[in-house]
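For reference, the structure discussed in these notes is given below.
Laboratory data are not the source of any read-out in this text; all were calculated from the coordinates shown. No experiment lies behind these values; they were computed from the predicted model shown. Reconstructed Cβ throughout: ideal geometry from the backbone, glycine too, with neighbour counts over all protein chains shown.
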Amino acid sequence: MATADEASGGGGECCRGIEHLELWGPAVKWGANFKLNSPAECCRACEAMCGGNGGPCLCDSWVFCGDREACGSQFGECWLKKQKDSLAPERQAAGPLVKWTSGLIFGKGQGIIGLETEYGTIHIKLFPDCAPHSVEYILELLALKHCAGCQFYRAESRGLFWDPNGNHLKNAPFGPPFALIQGTLGAQGTASPKIPTEACPTIKRGSVAWVGKGPEFFISLANHEEWRNSYTVFGSVLPKDMSIVEKIAQRPTVSDVWNNISVSVLETPVSLLLRRRKIGHEGVLTSK
């Protein structure tokens, strides 16, 4: 089974959690009898309970007590849990006085959201183990059941610089155009998120990443090794839906200049709706 690090390209940066958060839910492994040395070890213990070849996970959330002074006899406890709803995990407590660190693991068919557009639905697999704070924000948006103001407003093709598979052509420049579509997941009436910088692997074709600390984001049409570790990646588009991303990238644009950089802005922004998705029988994606 590919690890979360390998799936997202996060290297050793993944298997993270959110400090001062205690997730609730039925335990599949009791922490009182299961102690480890770090939250990363606890995360990997949960990950190890996923089936082979990316199959379903018997554990989809973990809770670790790593503050020796605050935890006392509970220091090192690793609780492995299974949520009733992995996209709406049950919270027990959160805040600076909470001694626990918690995280999510999404197995096959879990952690998939849909960006519905007039050109089709772009399905995205979220990476909670690499970008837990980013995914927490996405889950908060899902709970709102609307995303008024969410849209794509910038679209740039691969030009002559990358091949259809997203590979950069030898001796070609790196843009403009920059091979991406950009938008916002900042719903009107909601406060701007304060998302910390998280795992920043190399941007690949299909990577979904924040611009800065969000809620502006982009989907890459190419492999951008030249960007190094510049952007927090919180998900990846399912390969079958990249054709929808390409359609949006081909819409009419006008030229503009942002911070001395030439960009292509959509003549008409493409509205999007944020929706939950799950994989049912035979791998069919359905609404949830």
> What does the charge dipole of the stretch 21-104 about its Cα centre add up to, to the nearest 20 debye, if the Cβ of each Lys and Arg holds +1 and the Cβ of each Asp and Glu holds -1?
Replying inline: 120 debye
>> How high is the relative contact order of the chain? Use alpha-carbon pairs under 8 Å, at least six apart in sequence, and give a whole percent.
In response: 19 percent
> So, in nm, how far is label Ala143 from label Ser243 when the simple model puts each one 7 Å beyond its Cα toward the Cβ?
Replying inline: 3.7 nm
>> Return the unpartnered cysteines for the chain, using a Cβ-Cβ cut-off of under 4.7 Å.
In response: Cys200
> Label-point separation (nm) for Glu69 and Glu225, each offset 7 Å from Cα along Cα-to-Cβ?
Replying inline: 4.7 nm
> Taking the chain as a Gaussian network, where each spring joins two C-alpha atoms under 10 Å apart, which residue of Glu69, Glu136, Glu13 fluctuates the most?
Replying inline: Glu69
> Going toward the positive end of the dipole of the stretch 112-276, with +1 on Lys and Arg Cβ and -1 on Asp and Glu Cβ, which of Ile244, Gly175, Gly214 do you reach last?
Replying inline: Ile244
>> So I have (i) 18.6, 55; (ii) 17.8, 53; (iii) 19.6, 62, and one of them is Rg and Dmax of the Cα atoms in Å calculated from this model. Which one is it?
In response: (iii)
> Separation between the Asn33 and Asn171 pseudo-spin-labels, each 7 Å from Cα along Cα→Cβ, expressed in nm?
Replying inline: 6.7 nm
>> At 0.36 nm per residue, and after removing the present C-alpha to C-alpha distance, how many nm does the segment from Ala94 to Lys204 gain when stretched out fully?
In response: 36.2 nm
> Assuming a viscosity of 1.567 mPa s and a temperature of 4 °C, what translational diffusion coefficient in µm² per second does Stokes-Einstein assign to the stretch 163-280, Rh being the Kirkwood radius over Cα pairs?
Replying inline: 83 µm²/s
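I need to check one value: relative contact order of the stretch 55-192, counting alpha carbon pairs closer than 8 Å and at least 6 residues apart, in percent.
Relative contact order, the stretch 55-192: 18 percent.
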>> Pairs on different chains or at least eight residues apart, Cα atoms closer than 16 Å: how many lysine pairs in the stretch 122-251 fit?
In response: 4
>> From Cα pairs below 8 angstrom and at least 6 apart in sequence, can you work out the relative contact order of the stretch 154-197, rounded to a whole percent?
In response: 41 percent
